[in-house]
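The values are calculated or read from the model by the stated rules, or taken from the named source; none is laboratory data. Quick caveat, the model's predicted, so the values are computed rather than measured. Because the Cβ atoms are built from the backbone with ideal geometry, glycine has one as well, and the counts that use them run over all protein chains shown. For accessibility, only protein heavy atoms count, side chains too; no ligands or nucleic acids. Shrake-Rupley method; radii C 1.70, N 1.55, O 1.52, S 1.80 Å.
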Amino acid sequence: MKYLIIGASSGLGQELAKKFAQNNHDLVIVSRDSRDLNAIKTDLEIKYKVKIDILDFDFSSIDEINSKLFSEQNLLSDLDGVLFPIGMMFDKDNLSLNANDIKKLINANFISIVHTIQKLKKNFIGKKNPCIIGFGSVSGFVGREINTTYAAAKRALESYFESMAFDKNIQKINIQFYILGYLETNLSFGKDLKMPKASVKKLSDIVYKNKNIKFKKTYYPRYWMLVYLIIKLIPFSILRKLNIN
């Protein structure tokens, strides 16, 4: 079986690539940095004797997705699933963000994912247990003063994955969506966060275990479900004063 991983050079993307390769799956891995991809490819092929194909391009560009990813139909024709551990963030993502950066963030975190899914769905026809696996963020729980556009795009992505579960045309595709808290990655290293950081290795184990379930929305770590329920019970006027970011 063969899987496409978009965002394979991220901490989570690398761990997912390793997990799937450990279980004898060939991969197509995508990222902007060809050096990172080549290093991952070499490591996984030597350790696990699987075939790894790489594609490097900017996933925030629909034109590049079409010209770089969908021009490689020989790589995509035998896919059994696609995973999107992809996310783009800017340090100054607030209500003053310029239009060009807003477009990049919305594309990378929402539109490009939806576009890729729409074009890939036909590839999964006739497969035994095909899967589409997306990743959101707890930042989408409530409106935010920082990471504003990122959080809005992730909230939209969650809604889209829920909607796919109702689509009768793709009921044979297993749909998974993970709402993620803070993870132990290079991006969080050294940061003083409000909640503990969770293991990406453990998350990759959970993702692999759940990939054949019809629909599952998972909070990781699981206590974020309780946090979500508490936030939803607090009146918005109070949330604004608390300034949860």
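The figures follow:
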quantity	calculated
Single residue of region 195-216 satisfying the filter (open to solvent by 70 Å² or more (accessible area, probe 1.4 Å), among the charged types (D, E, K, R) and not in a helix (DSSP H, G or I)) that is nearest to G136 (Cα to Cα)	K216
Contacts under 6 angstrom Cβ, first residue in region 122-150 being closer than 23 Å to K104 by Cβ, partner among the hydroxyl-bearing types (S, T, Y) and outside any helix (DSSP H, G or I), 6 or more apart	F135/Y178
Subset of region 163-177 that is of a type in the set (S, T, N, Q) and within 16 Å of the chain's Cα centre (by Cα) - its residue that is surrounded by the fewest Cβ atoms within 10 Å (Cβ to Cβ)	N174
The one condition in (1) at pLDDT 95 or above; (2) open to solvent by 20 Å² or more (accessible area, probe 1.4 Å) that K119 fails to fulfil	(1)
Residues within region 33-55 that are open to solvent by 40 Å² or more (accessible area, probe 1.4 Å) and under 16 Å from L83 (Cα atoms), tallied	1
Qualifying residue in region 8-23 (condition: of a type outside the set (S, T, N, Q) and under 17 Å from N107 (Cβ atoms))	no
Qualifying helices (runs of 4 or more DSSP H) (wholly inside region 1-119; at least 1 residues being within 16 Å of the chain's Cα centre (by Cα))	11-22, 99-106
Matching residues in region 220-239 - criterion: being of a type in the set (S, T, Y) and either open to solvent by 80 Å² or more (accessible area, probe 1.4 Å) or touching a His at 6+ places or on another chain (Cβ under 8 Å) (or both)	Y223
Yes/no for D93 being out of contact with any strand residue (DSSP E or B) (no Cβ under 8 Å at 6 or more places or on another chain) and in contact (Cβ under 8 Å) with a residue 12 or more places away in the chain	yes
Residue match in region 147-162 (condition: among the polar types (S, T, N, Q), modelled with pLDDT under 95 and surrounded by fewer than 15 Cβ atoms within 10 Å (Cβ to Cβ))	no
Residue among F124, F90 that alone is among the aromatic types (F, W, Y), open to solvent by less than 60 Å² (accessible area, probe 1.4 Å) and farther than 30 Å from Q73 by Cα	F90
Of the criteria (1) crowded, with 21+ Cβ neighbours inside 10 Å; (2) under 21 Å from N38 (Cβ atoms); (3) touching a residue at least 60 places away in the same chain (Cβ under 8 Å); (4) not small (G, A, S), which one V82 fails	(2)
